[in-house]
Amino acid sequence: MASKSAVFVLLMVVVAVAAPITVAQLGIVGSLLGLIRIQGTVFCSINGAVAVINGTACPVFPNALVTLRCGSGNVVSSTTTNGSGVFTILLDPLQTLLSSLLSDCNLVVSTPLATCNAALPGLGVLRSPLLLIGNTIAGLLNVVNIVPTGFLLVPSA
């Protein structure tokens with residue numbers, strides 16, 4: 001019985017050591033099992049970030065339309081923030097080149113700021129470039145994690 005336990009433990013060690021090597025050797029097949037996740041929180045402020053005004057923290061921006069725009073403003077994907085101001089956009093890495101996503105795309109919040117606070121401007125959009133913060137491996141799935149670098153109010157033309 002002890003030898004069966006030893007063989008089982010040895011087998012588990014071999015699998016644990018070989019699994020990362022297998023993932024690394026998947027190459028193009030590995031990208032088939034990948035995902036790009038853009039996630040962040042939008043706050044109801046001129047710069048879309050947490051701000052403290054008169055000792056009160058700035059509230060989040062719920063139900064705001066967030067679009068991913070690339071190139072000359074082409075909408076690649078869109079979503080709406082939840083009640084906590086959080087949004088998530090998921091992309092297929094086979095259809096989106098990561099280097100071009102980071103250099104040629106922006107997140108745009110087109111819902112007017114006056115929607116969440118009447119004292120804020122009613123015209124303009126919040127815009128943010130993107131930042132790669134790392135990868136998460138879940139089994140064979142490789143998730144590329146991207147966040148906004150910081151939203152800024154861009155006046156409407």
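The values are calculated or read from the model by the stated rules, or taken from the named source; none is laboratory data. Just so we're clear, the structure is a prediction, and the values are computed from it rather than from any experiment. As a convention, Cβ positions derive from the backbone with ideal geometry for all residues, glycine included, and neighbour counts pool all protein chains shown. These area figures cover heavy atoms from the full protein model, side chains too; ligands, DNA and RNA do not enter into them. Shrake-Rupley method; radii C 1.70, N 1.55, O 1.52, S 1.80 Å.
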State whether one or more residues within segment 91-111 are open to solvent by 70 Å² or more (accessible area, probe 1.4 Å), closer than 19 Å to VAL154 by Cβ and not charged (D, E, K, R).
yes
Select from segment 111-135 the residues that are touching a residue at least 24 places away in the same chain (Cβ under 8 Å), among the β-branched types (Val, Ile, Thr) and part of a strand (DSSP E or B) and list them in ascending order.
VAL125
Selection from segment 117-136 of residues that are hydrophobic (A, V, I, L, M, F, W, C) and modelled with pLDDT of 90 or more
LEU123, VAL125, LEU126, LEU130, LEU131, LEU132, ILE133
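So is THR81 of a type in the set (Val, Ile, Thr), modelled with pLDDT of 95 or more and either more than 19 Å from LEU33 (Cβ to Cβ) or surrounded by 15 or more Cβ atoms within 10 Å (Cβ to Cβ) (or both) or not?
Details: of a type in the set (Val, Ile, Thr): yes; modelled with pLDDT of 95 or more: yes; either more than 19 Å from LEU33 (Cβ to Cβ) or surrounded by 15 or more Cβ atoms within 10 Å (Cβ to Cβ) (or both): yes.
Judged against the criteria, THR81 is a match.
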Quick count over segment 91-110, residues being β-branched (Val, Ile, Thr) and either in contact with a Cys (Cβ under 9 Å, 6 or more places away or on another chain) or on the phi > 0 side of the Ramachandran plot (or both), is 1
